[in-house]
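Below: one structure, written as structure tokens.
The values are calculated or read from the model by the stated rules, or taken from the named source; none is laboratory data. It should be emphasised that the depicted structure is a prediction, and the values quoted were computed from it without experimental measurement. When we count neighbours, we look across all protein chains shown, and the Cβ atoms used for this are built from the backbone with ideal geometry, even at glycine.
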Protein chains: 2
Amino acid sequence: MVVFEITILGANGGPTEYGTQCFILKPARTEDPELIAVDGGAGMYQLREMLVQGRNENEGDDELVPSFYEHDREPIEFFIDSKLNIQKGLSKSLLQSLKRQGEHFESANTMKKTYEVFQGITDYYITHPHLDHISGLVVNSPSIYEQENSKKKTIWGLPHTIDVLQKHVFNDLIWPDLTAERSRKLKLKCLNPKEVQKCTIFPWDVIPFKVHHGIGVKTGAPVYSTFYIFRDRKSKDCIIVCGDVEQDRRESEESLLEEFWSYVAENIPLVHLKGILVECSCPLSSKPEQLYGHLSPIYLINELSNLNTLYNSSKGLSGLNVIVTHVKSTPAKRDPRLTILEELRFLAEERNLGDLRISIALEGHTLFL
Amino acid sequence: MVVFEITILGANGGPTEYGTQCFILKPARTEDPELIAVDGGAGMYQLREMLVQGRNENEGDDELVPSFYEHDREPIEFFIDSKLNIQKGLSKSLLQSLKRQGEHFESANTMKKTYEVFQGITDYYITHPHLDHISGLVVNSPSIYEQENSKKKTIWGLPHTIDVLQKHVFNDLIWPDLTAERSRKLKLKCLNPKEVQKCTIFPWDVIPFKVHHGIGVKTGAPVYSTFYIFRDRKSKDCIIVCGDVEQDRRESEESLLEEFWSYVAENIPLVHLKGILVECSCPLSSKPEQLYGHLSPIYLINELSNLNTLYNSSKGLSGLNVIVTHVKSTPAKRDPRLTILEELRFLAEERNLGDLRISIALEGHTLFL
């Protein structure tokens, strides 16, 4: 049964500036057009694109997706596992709930529709404050003051994220400090690591875990990111949505990923783990010093192998959806997403991880897990 | 004679997140594919879009541009003065110079082409550090470390910009401090206000002026932005490229715009002033407290009237191109760019400003001034 609807607003790992990481999530079959976002690299602009595409383009098996390497567009099958439940555009249940909420929705112009969909995002869960994970939400933020909007937005994150957003973004220098507006329509709120927190709008638990993401160029200080577990309290089904990450640093005393996988294996029966959205920024050919706090296929497969060992199932991780985000563009001949996908599939087979379903997160598409 | 080629990578005033302010400039008829940028709200992604469009779409009089209000697309004539010299996509002279530079350019894939065009941008002149004016350049910045790239980038700005970029963006928290990399491929450099500085790659003078842009929500401190004059030393022709701006604040002792227009009228004969790219974020109906440090048509026309008075020409400002940027999207019925353009033309006529040529800055287009 489908429990989670995940719309990919952005999964681009840079250095192109648009459509960087942002996923919007909702329970399947809800009546209300409410949404949460994980990261805010994209937003209203991408929603508008999806609303327009929904009207003008045919859906079908022969869909082509933007690539810009061997060809400007490539068949969608190149990027996804054949068993992945995926649809172009916003989910039908979201569009239906918007129509139910107000008769005017269908007759409204595209920009008004965009505002309405966007207002439904009431909670952001941010993995880390790097610009490509927050730029969309920041630039979108003044839209909450439009007269017709009564909804508020809360930005959640571990202290390493929220403190930086307050001090270095909503600081009246990089952006107006909208958290200081009297209306209190925008709030920043800290989560505690490893603590089960109730999602304010869905019957879900949210559990954040701190992970490593490189060190500062000048400061040498560790940079942290976040893995989120979202658990549907009724079905007990879970998804894991990750920010940028690297393997546990040898020189650090913190075994953050090790702890995370132990928590997962101990608390989430494999049959309830519906998917992992995780970065794999760089191809296998990248040297360790070129990773800058990211994963390449060998490191991602190492992590999945660790999880596999902990689950110790006879079928490996068979049936688990791994959705790869944040692949970096390069001036290569072949789309690095295709290179990385091929490498991951090869390594997963070599390591006997079972029938893993590995796909690329495609912008402008909705996944059903 | 055309002296300046200005490509609009972004002119969006938010709250949609993509294509925010970035203009790339070059002298007409140059041999080298070098470029400067004013602001960095957009970048590589938009360049890639323009390279793709150049191949696939017909040019012609019946061009439609994205709007998303009354219709998703509207005729280009709605947005521009009929005498404006404008072309869709990158300029032919830029594309020619890229082809001349390397035989491989034409046979390269779209992503490689994008890197090559983008590497040509060696100098950014930033008006102020608000996120919508810098997000593209920041996310694009790691591309300078690609092996095949030998070029460096310098980010210029008045101290109020450069200090904030160093402290709050390239700080190993919001973004890796790439200015601390040993290769020194990315540099931040301060300009002095009102000082004539030689552009490092073109035979142009660059003269920055500090202007007001509202006050902090929490701090109440004045926020500053920048107007840049670019002067071709040979022809003496000039253009003015502005960041966000508001009228001089009554409670402030600084008459920054008054000083600026005096400088312009005293130093640039009207016949040499080829154009002004200036914001007009909000329509006439906006109340002063809704402007948040921006201009509406009445305030922009007030400023142009002040300039007109200083020039004291019998023909008013006839022939001057005013290119309007940074219009904010709203959930309105009509495209606010069209509303603002109509209001500006009406007010300009009412004030007898002469045959002003007012147009909207259209993303993905090149202007020849």
Among (1) under 30 Å from residue A:112 (Cα atoms); (2) within 14 Å of chain A (Cβ to nearest Cβ); (3) modelled with pLDDT of 95 or more - the single one residue B:75 does not satisfy: (2)
If I filter the stretch A:52-72 for residues that are in contact with a helix residue (DSSP H, G or I) (Cβ under 7 Å, 6 or more places away or on another chain), among the small types (Gly, Ala, Ser) and more than 9 Å from every other protein chain (Cβ to nearest Cβ), do I get at least one hit? no
Go through the stretch A:220-237 and count every residue that is within 14 Å of another protein chain (Cβ to nearest Cβ) and in contact (Cβ under 8 Å) with a residue 60 or more places away in the chain. 3
Any residue in the stretch A:306-319 that is under 10 Å from residue A:270 (Cα atoms) sitting within a Cβ distance under 8 Å of a residue that is hydroxyl-bearing (Ser, Thr, Tyr)? List the pairs, counting only those 6 or more apart or interchain. A:317/A:311
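Step by step: first the residues of the stretch A:97-118, then only those that are surrounded by 14 or more Cβ atoms within 10 Å (Cβ to Cβ) and either away from every other protein chain (no Cβ under 11 Å) or polar (S, T, N, Q) (or both), then the one that is nearest to residue B:332 (Cα to Cα). Which residue is that?
Among residues in the stretch A:97-118 that are surrounded by 14 or more Cβ atoms within 10 Å (Cβ to Cβ) and either away from every other protein chain (no Cβ under 11 Å) or polar (S, T, N, Q) (or both), the one nearest to residue B:332 (Cα to Cα) is A:109.
Are any of the residues in the stretch B:43-50 surrounded by fewer than 24 Cβ atoms within 10 Å (Cβ to Cβ), of a type in the set (D, E, K, R) and at pLDDT 95 or above? Let's see the steps before the verdict.
Taking the stretch B:43-50 as the starting set, the residues that turn out to be surrounded by fewer than 24 Cβ atoms within 10 Å (Cβ to Cβ) are B:48-50.
Filter again for of a type in the set (D, E, K, R), leaving B:48-49.
Cutting the leftovers down to at pLDDT 95 or above gives us B:48-49.
Yes, the stretch B:43-50 has at least one match.
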Selected residue (criterion: surrounded by the fewest Cβ atoms within 10 Å (Cβ to Cβ)) from residues of the stretch A:301-337 that are of a type in the set (D, E, K, R) and within 26 Å of residue B:48 (Cα to Cα): A:333
Taking the stated definitions as given, is residue B:304 modelled with pLDDT of 95 or more, of a type in the set (A, V, I, L, M, F, W, C) and part of a loop (DSSP other than H, G, I, E, B)? no
Residue check, residue A:126 against (1) more than 15 Å from the chain's Cα centre (by Cα); (2) under 25 Å from residue A:16 (Cβ atoms); (3) of a type in the set (Val, Ile, Thr), all met but one. Which one? (1)
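Could you grab me the full set of residues in the stretch A:145-163 that are closer than 23 Å to residue A:44 by Cβ and buried (at least 20 other Cβ atoms within 10 Å of the Cβ)?
Once the filter is applied, which keeps residues that are closer than 23 Å to residue A:44 by Cβ and buried (at least 20 other Cβ atoms within 10 Å of the Cβ), the stretch A:145-163 yields A:153, A:155, A:156, A:157, A:161.
What number of residues within the stretch B:323-343 are assigned to a helix (DSSP H, G or I), farther than 12 Å from residue B:282 by Cβ and touching a residue at least 40 places away in the same chain (Cβ under 8 Å)?
As a first pass, look at the stretch B:323-343 and keep what is assigned to a helix (DSSP H, G or I): B:336-343.
Of the ones still in play, those that are also farther than 12 Å from residue B:282 by Cβ are B:338, B:341-342.
Pick out the ones that are also touching a residue at least 40 places away in the same chain (Cβ under 8 Å) and you get B:338, B:341.
Selection size over the stretch B:323-343: 2.
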Of the residues in the stretch B:283-297, those that are within 23 Å of the chain's Cα centre (by Cα) and either among the aromatic types (Phe, Trp, Tyr) or assigned to a loop (DSSP other than H, G, I, E, B) (or both) come to B:283, B:284, B:291, B:292, B:293, B:294, B:295, B:296
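Whether any residue in the stretch B:83-95 is at the interface with another protein chain (Cβ under 10 Å from one of its Cβ atoms), surrounded by fewer than 20 Cβ atoms within 10 Å (Cβ to Cβ) and in a loop (DSSP other than H, G, I, E, B) is what I want to check. Please lay out each step first, then the result.
Of all residues in the stretch B:83-95, those at the interface with another protein chain (Cβ under 10 Å from one of its Cβ atoms) come to none.
Checking the stretch B:83-95: not a single residue is at the interface with another protein chain (Cβ under 10 Å from one of its Cβ atoms), surrounded by fewer than 20 Cβ atoms within 10 Å (Cβ to Cβ) and in a loop (DSSP other than H, G, I, E, B).
Would you mention how many residues in the stretch B:119-140 are facing chain A (nearest Cβ under 7 Å) and either over 27 Å from residue B:229 (Cα atoms) or in contact with a helix residue (DSSP H, G or I) (Cβ under 8 Å, 6 or more places away or on another chain) (or both)? Even if it seems obvious, please write down each step before you answer.
Initially, the stretch B:119-140 is screened for residues facing chain A (nearest Cβ under 7 Å), giving B:129-132, B:135-136, B:138-140.
So of that shortlist, the ones also either over 27 Å from residue B:229 (Cα atoms) or in contact with a helix residue (DSSP H, G or I) (Cβ under 8 Å, 6 or more places away or on another chain) (or both) come out as B:129, B:131-132, B:135-136, B:138-140.
Count: 8.
Conditions (1) modelled with pLDDT of 95 or more; (2) closer than 29 Å to residue B:289 by Cβ, marked per residue:
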position: B:183; (1), (2): no, no
position: B:188; (1), (2): yes, no
position: B:226; (1), (2): yes, yes
position: B:234; (1), (2): yes, no
position: B:239; (1), (2): yes, no
Looking at B:245, B:206, B:241, B:217, which one is more than 14 Å from every other protein chain (Cβ to nearest Cβ) and surrounded by fewer than 23 Cβ atoms within 10 Å (Cβ to Cβ)? B:206
It is to be established whether one or more residues within the stretch B:129-137 are outside any helix (DSSP H, G or I), more than 26 Å from residue A:282 (Cα to Cα) and modelled with pLDDT of 95 or more. yes
Residue in the stretch B:142-161 that is at the interface with chain A (Cβ under 8 Å from one of its Cβ atoms) and in a helix (DSSP H, G or I) present: yes
